[in-house]
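S.K.: Dropping the structure in here first, questions after.
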Amino acid sequence: MTSLELMTEEVQVWVASLDVSDDRYEALARVLPAEEKERAMTLTPIAARRFMVARGILRNLLLGFTGIPAEKLRFTYGSSGKPVLVGHDGIQFNISHSADLGLFAFAPDRPVGVDVENERPVRRLLDVAQRFMSEDELRSLIDTSPEERNAAFLRSWVVREARLKAEGKGVWSGSENPNPRTNLTHRLFTPRPSYIAAVAAPDSDWRLYTCAMKD
């Protein structure tokens with residue numbers, strides 16, 4: 001991995017396919033610590049492979065930003081499982097993956113959250129929305145035409161998740177609602193056809209740069 005650079009007031013989001021060749025998979029898996037490999041063993045075979053690919057890509061990107069060998073990077077984890085790089089306060093990051101696509105967000109000067117979903121029919125959409133969304137969000141969703149409702153839900157979902165992750169929370173952690181008093185700004189974008197994504201970070205002075213990794 002060549003040297004990478006982050007500028008202040010910048011959020012970089014790297015976009016990568018998680019479906020890789022066997023040789024690429026083996027190379028990425030070699031840099032993972034035992035605890036990440038053990039976590040992968042609790043998943044289905046497809047999910048385990050994509051988890052390990054995502055974690056290997058994350059480590060290689062962090063190597064580019066920090067110069068620390070990928071296998072020597074160490075993380076601590078917040079109460080919702082968000083990783084933090086040990087010994088490197090000058091870089092903050094977050095990852096998300098859906099189906100075969102992974103997103104890796106980095107910022108030098110602020111916490112960041114990212115979320116991606118592949119565009120697909122959502123089962124029991126209104127039931128899920130009623131559980132996790134505010135009354136205003138739910139009302140807006142109900143008012144959306146049925147043919148547009150699924151896409152509207154996914155847009156709201158990725159924004160919600162990105163903002164929660166920027167706050168160090170998680171939608172399944174018991175902290176289902178982003179704090180409306182925080183000064184987070186979010187950006188919606190399309191990383192690849194048939195996917196919708198959002199990235200969130202404090203304040204509004206940051207620029208979003210997306211970077212496509214070669215498959």
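The values are calculated or read from the model by the stated rules, or taken from the named source; none is laboratory data. What you see is a predicted model; the values in this text were computed from it and never measured. Virtual Cβ from ideal backbone geometry, glycine too; neighbours counted across all protein chains shown.
S.K.: Could we say that residue 80 is polar (S, T, N, Q) and farther than 20 Å from residue 29 by Cα here?
M.R.: On the way: polar (S, T, N, Q): yes; farther than 20 Å from residue 29 by Cα: yes.
The answer is yes for residue 80.
S.K.: Quick check on residue 93: is it within 18 Å of the chain's Cα centre (by Cα) and at pLDDT 95 or above? Spell out how you get there, then give the answer.
M.R.: Working: within 18 Å of the chain's Cα centre (by Cα): yes; at pLDDT 95 or above: yes.
Answer is yes for this residue.
S.K.: Right, something else. I'm checking my understanding of the structure. Among residues of region 7-59 that are more than 15 Å from the chain's Cα centre (by Cα) and closer than 19 Å to residue 113 by Cα, which one is surrounded by the most Cβ atoms within 10 Å (Cβ to Cβ)?
M.R.: Checked region 7-59; the qualifying residue surrounded by the most Cβ atoms within 10 Å (Cβ to Cβ) is 10.
S.K.: So, in region 30-53, exactly how many residues are touching an Asp or Glu at 6+ places or on another chain (Cβ under 9 Å) and either on the phi > 0 side of the Ramachandran plot or assigned to a helix (DSSP H, G or I) (or both)? Can you show your working first?
M.R.: Here is the first cut: in region 30-53, the residues touching an Asp or Glu at 6+ places or on another chain (Cβ under 9 Å) are 30-33, 49-53.
Still in the list and also either on the phi > 0 side of the Ramachandran plot or assigned to a helix (DSSP H, G or I) (or both): 49-53.
Total meeting the criteria: 5.
S.K.: How many residues are touching a Phe, Trp or Tyr at 6+ places or on another chain (Cβ under 8 Å), closer than 15 Å to residue 101 by Cβ and aliphatic (A, V, I, L, M) when one looks only at region 39-53?
M.R.: Count: 1.
S.K.: Can you give me the number of residues within region 66-94 that are out of contact with any Ser or Thr (no Cβ under 7 Å at 6 or more places or on another chain), in contact (Cβ under 8 Å) with a residue 40 or more places away in the chain, buried (at least 16 other Cβ atoms within 10 Å of the Cβ) and over 18 Å from residue 4 (Cα atoms)?
M.R.: Number of matching residues: 1.
S.K.: Further question on the same structure: May I ask you to list the residues in region 101-121 that are surrounded by fewer than 17 Cβ atoms within 10 Å (Cβ to Cβ) and hydrophobic (A, V, I, L, M, F, W, C)?
M.R.: Hits for region 101-121: nothing passes.
S.K.: Please determine, by comparing only the residues of region 96-112 that are more than 13 Å from residue 58 (Cα to Cα) and not hydrophobic (A, V, I, L, M, F, W, C), which one is modelled with the lowest pLDDT.
M.R.: Ranking the qualifying residues of region 96-112, first place goes to 109.
S.K.: If a residue has to be in contact with a Ser or Thr (Cβ under 6 Å, 6 or more places away or on another chain) and either farther than 16 Å from residue 105 by Cα or without any contact (Cβ under 8 Å) to a residue 12 or more places away in the chain (or both) to count, how many in region 181-202 make the cut?
M.R.: Of all residues in region 181-202, those in contact with a Ser or Thr (Cβ under 6 Å, 6 or more places away or on another chain) come to 185.
Add one more test, that the residue is either farther than 16 Å from residue 105 by Cα or without any contact (Cβ under 8 Å) to a residue 12 or more places away in the chain (or both), and what stays is none.
Going through region 181-202 one residue at a time, the tally reaches 0.
S.K.: Across region 1-24, which residue is modelled with the highest pLDDT among those that are touching a helix residue (DSSP H, G or I) at 6+ places or on another chain (Cβ under 7 Å) and among the small types (Gly, Ala, Ser)? Reasoning before the result, please.
M.R.: Going residue by residue through region 1-24, those that are touching a helix residue (DSSP H, G or I) at 6+ places or on another chain (Cβ under 7 Å) are 1-4, 6, 14, 16, 18, 20.
Now restrict to residues that are among the small types (Gly, Ala, Ser): 3, 16.
On the way: 3: 85, 16: 98.
Applying the filter and picking the extreme gives 16.
S.K.: Spot the failing condition for residue 160; the list is (1) more than 22 Å from residue 17 (Cβ to Cβ); (2) of a type in the set (D, E, K, R); (3) surrounded by fewer than 17 Cβ atoms within 10 Å (Cβ to Cβ), and only one is missed.
M.R.: (3)
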